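Each remark here refers to the structure printed beneath this line.
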Amino acid sequence: MRDAQPRTIFLKDYEAPAYGISHTALHFELFDDHTLVHAELRFERNAKAPADAALELNGVDLELLKLAIDGQELDSEAYALGDETLRIANVPAQGVLTSTVRLRPQDNTSLEGLYRSRGLFCTQCEAEGFRKITWFPDRPDVMSTYRVTIDGDRDACPEMLSNGNPVGCEELSDGRHRTVWEDPFPKPSYLFALVAGQLERFTDSFTTASGKTVELVILVEPKDLDKCDHAMDSLKRAMRWDEERFGREYDLDVFHVVAVDDFNMGAMENKGLNVFNTSCVLAAPDTTTDLGYQRIEAIVAHEYFHNWSGNRVTCRDWFQLSLKEGFTVFRDAEFSADMGSRALKRVEDAGVMRTMQFAEDAGPMAHPVRPASFIEISNFYTLTVYEKGAEVVRMLHTLLGERDFRRGCDLYFERHDGQAVTCDDFVNAMAEVSGEDLTQFRRWYSQAGTPELTIRDDWDEAAGQYRLHVRQSTPPTPGQDEKEPLVIPLAMGLLGDAGNLRLELEGESPDPETADNTHRVLIVDQAEQSFVFTGLPERPIPSLLRGFSAPVRVDYPYTRQQLLGLVSRDDDGFARWDAMQKLMVAVLEELQETPDAPLDPLLAEAVSAIVAQATDPAIRADMLRLPSETTLAELASHHGAIDVHGIHRAREGLRQRLAQHLGERWRELYAAVRVTESYEASGEQIGRRALANVALDYYATSGEQGLALANEAYYSADNLTDRLVALRIMVREDATGAEALLQDFYTRFGNETLAVNHWLQVQAEATSGDAIDRIRQLMSHEAYDARNPNKIRAVVGGFSNINAVNFHREDGAGYALLADVVEELNERNPQIASRLLTPLTRWRKFPAGGAMMRAELERLAALPSLSPDVYEVVSKSLADPT
């Protein structure tokens, strides 16, 4: 906790460690009320370090019992012990440091380091949790091999796991036993893991491309053993895909996955022992939605892919976090696209970027993909580092092409295997194999903010010539007022009355092999550029940013008629969805200004056409969904202040108009596409359920018959997806019978933690009634646990991030509620506390409630013991943006 202002750490100040640790031997003695950790570190002074360099170690909340070098115990005068550091001077060039510390995992509520979850011993060491386990140079550029011995009670801890391969086990006295693990691959301390407790095994095996058999084990509580099939199948698909697409083969004899209910993150890629939040690995039709099944497949793949992009090659320092996370998000996105629909995946990714990452770029915590500074690194596990970082890698793939991108990846892995490196090292590999000058492209890593492409056009009918004028700009962000032009791949096409037109750029000779090309990528790398297309028979409609080819905003003055043309004729799935979103946004903005305006006939035509189509139901479902209030708020914030209540009224009004416009056709669509077969998490069924539930949502909005159908759908559902949609509709509409459905749901699934989390969130998001009172009641309900991150996210996060009209209540009660929770969590779990703060950080965008939001931030800033996590977010939010 804060006694003085926390120190800011800068990338420019990076220095290599004076000492490396070539091998680490750890011996854990697990007891119910404490744990002893005996560490043996084989250290060696780095060649460039001065001879008088001290050995510096990190540690937090450790009771030091013994400290020795080469068997010689050190007295207290031989070292300097600070709050979180241990500094030993006059050490030899190489030697062995031994220590013994005592921990109390049961008292560790931060869920970092070694802690207890429902009696289970487990660890979370990324980013700086290992220092809560033993004294160690806890930084990613110190890589060591590990041998881990674990002693524990046979009954309480029948399973005792760590990284690597099992190399020994034995029975001890007093009902205790021992396991020994060895990881031959050097790794940083953040990848260390230990799990011990009463777990059941779900096993399978995988044969690698080279013929090696790998044992696959998922460990869960006994009650969850029937929820592991999907994760196991996803893991095997990911292992095969990584061999085929990236040539990466698994390197150990066994791969463990452990499900933990109390976990701050989604999952952790510890070498050979992945630890997962239960919500990201357990799946069953009654407790997991379709989106949950897809999320599990993606996260299982993501953590597995880290075995190479993060473990075998890791980041030199935490400023390089996107080196492993952005690259691996790109890899898991490609995997998901190959397993399902590429167009749908790009729609999903673009939605996350536009709704949340663009808002992050425009907020007080804005930072580049490779941050230049931080106070608390846990605050930078962000959408910018992960999702925008992945989009930067995707742009490299677009610019270089699949062949050279794969060659660059191969060189990167071969050159840096077993090393801790930088984002520049990754780009260097790409530049070397392709021969491309990527100097300007590197600005994506160092320049914060969301670029905007302002595009205008001219048409010369006599010459058949069409000109696109493109101007790029990036708004100022904290600490970066001046911005330089970036390299932006702009994928595009031109549409005529009958569809795509052939593209010929002025000055280019037609290529016989691509003369009929109707799609191309323009390279925008100057502040202003023009592109001239020739030989066109008619004035085209530009189809811009196809496939969401770059994480940018596009400003082009489409007419509604042009948007309807893109919706109906563009063959790029993302571009069709994007045009439909723009058409809906235009109508919603009109309804904010003129609430009584009739339904726009062009939008009505577009919706009717999509309903009547027989194309991919998943794409149709996405095109028919209204933009979320969160999306609309982000769009409004880009142009000025956010009118939360105006957005809500307009969106509800458009939903009512579309429901009435098609009336019974919504019911007919629902009946035509709803799934009646037994549940499968297949792409075909997921798409049909999505479209059927969009139709049910609109039909239920149209009147009592629709609500009766939703009520019937709840009781007839054989899966959580359908049941939850029906429940959410009934609760949203405050329908007769909604309370009975909530009670029925809890009666059915009260013992299923994952299903209960959905039940809590449905109520937290409900806009009717006294939402603040409802949230407080939920927080005192037996199903709520104030120590469990999933419960906190479901109730407090669901309320503050999604239930905007109640969070922004005129009396400020929503802001006070969130600040109260953050204050409570500040000492118990600072990571979760700081992440919950995001809605308050945007106070400048809300003129109606901004002063009250700021007041809550100031109240938090005045707390006498503010964690570095919360301090950083609060202080940056209150700072003058200029």
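Using a probe of 1.4 Å, the accessible surface attributed to Thr594 totals some 70 Å² when neighbouring protein chains are kept in position.
Note on region 199-262 and region 12-89: Cα centroid distance 35 Å, given to the nearest whole angstrom. Gyration tensor analysis over the Cα atoms of region 344-423 returns equivalent ellipsoid semi-axes of 26, 20, 9 Å (largest first, whole Å).
Once the Kirkwood radius over Cα pairs is known for region 673-825, the Stokes-Einstein relation at 4 °C and 1.567 mPa s delivers a diffusion coefficient of 79 µm²/s. Calculate the length of the line joining the C-alpha centroid of region 318-397 to that of region 547-610, in whole Å. Here the two parts' Cα centres lie 26 Å apart. Ligands, DNA and RNA left out, the accessible area of region 365-457 computed with a 1.4 Å probe is 41% carbon and sulfur. With 25 Å as the limit, the listed pairs Lys388/Lys791; Lys388/Lys582; Lys582/Lys791; Lys132/Lys187 have Lys388/Lys791; Lys582/Lys791 beyond it between alpha carbons. For region 621-714, GluC sites (Glu not before Pro) are listed when DSSP marks them as loop and at most 11 other Cβ atoms sit within 10 Å of their Cβ; the list is Glu677. Volume per residue of the convex hull around the Cα atoms, evaluated for the chain, comes out as 171 Å³. Put Val521, Val300 in order of accessible area, highest first, and with a 1.4 Å probe you get Val521, Val300. Across region 233-350, the fraction of Cα-Cα pairs farther apart than 26 Å, rounded to a whole number, is 17%. The fraction of accessible area contributed by carbon and sulfur in region 526-671 is 50 percent, rounded to a whole number (1.4 Å probe; ligands and nucleic acids excluded). For the chain, the solvent-accessible area with a 1.4 angstrom probe is 39 square angstrom per residue. Against the compact-protein benchmark of 2.2 N^0.38 Å, the Cα-based radius of gyration of region 70-140 scales to 1.31.
Just the number, please: carbon plus sulfur as a percent of the accessible area of region 24-98, 1.4 Å probe, no ligands or DNA/RNA counted. Here it works out to 43 percent. Computed on the Cα trace of region 269-415, the radius of gyration divided by the Kirkwood hydrodynamic radius gives Rg/Rh = 0.96.
At the residue level, Phe749 shows approximately 20 square angstrom of accessible surface with a 1.4 angstrom probe and all protein chains present. Counting only Cα atoms, the size of region 627-747 along its three principal axes is 49, 32, 29 Å, in decreasing order. Of the residues Tyr146, Phe202, Val220, the one whose Cα sits farthest toward the positive end of the charge dipole of region 130-241, with +1 on the Cβ of Lys and Arg and -1 on the Cβ of Asp and Glu, is Tyr146. Per the Cauchy relation, a quarter of the hull surface: what is the mean projected area of the convex hull of the alpha carbons in region 626-667, in nm²? The orientation-averaged projected area of the Cα hull of region 626-667 comes to 3.1 nm². Compared with the rule-of-thumb size 2.2 N^0.38 Å for a compact globular protein, region 157-308 has a Cα radius of gyration ratio of 1.03. Using bins of 10 Å that start at zero, the share of Cα-Cα pairs per bin across region 759-807 amounts to 31, 60, 10, in whole %. Legend: distances between Cα atoms for Lys212/Lys271; Lys845/Lys876; Lys48/Lys324; Lys48/Lys271; pairs beyond 22 Å are Lys48/Lys324; Lys48/Lys271. Over region 783-882, the fraction of Cα-Cα pairs per 5 Å bin, rounded to whole percents and listed from the shortest bin up, is 2, 14, 27, 25, 19, 10, 3, 0, 0, 0. The Cα center of region 807-821 and the Cα center of region 440-460 differ in position by 38 Å. Of the residues Lys12, Lys483, the one with the largest accessible area comes first in the ranking Lys12, Lys483, computed with a 1.4 Å probe on protein heavy atoms. Under conditions of 4 °C and 1.567 mPa s, region 178-250 yields 89 µm² s⁻¹ as its translational diffusion coefficient, taking Rh as the Kirkwood radius over Cα pairs in the Stokes-Einstein equation. The antiparallel fraction among DSSP beta bridges confined to region 195-257 stands at about 65%. Relative to its residue count, region 1-100 spans a Cα convex hull of 144 Å³ per residue.
The values are calculated or read from the model by the stated rules, or taken from the named source; none is laboratory data. The structure displayed is predicted, hence computed values, not measured ones. When we count neighbours, we look across all protein chains shown, and the Cβ atoms used for this are built from the backbone with ideal geometry, even at glycine. For accessibility, only protein heavy atoms count, side chains too; no ligands or nucleic acids. Shrake-Rupley method; radii C 1.70, N 1.55, O 1.52, S 1.80 Å.
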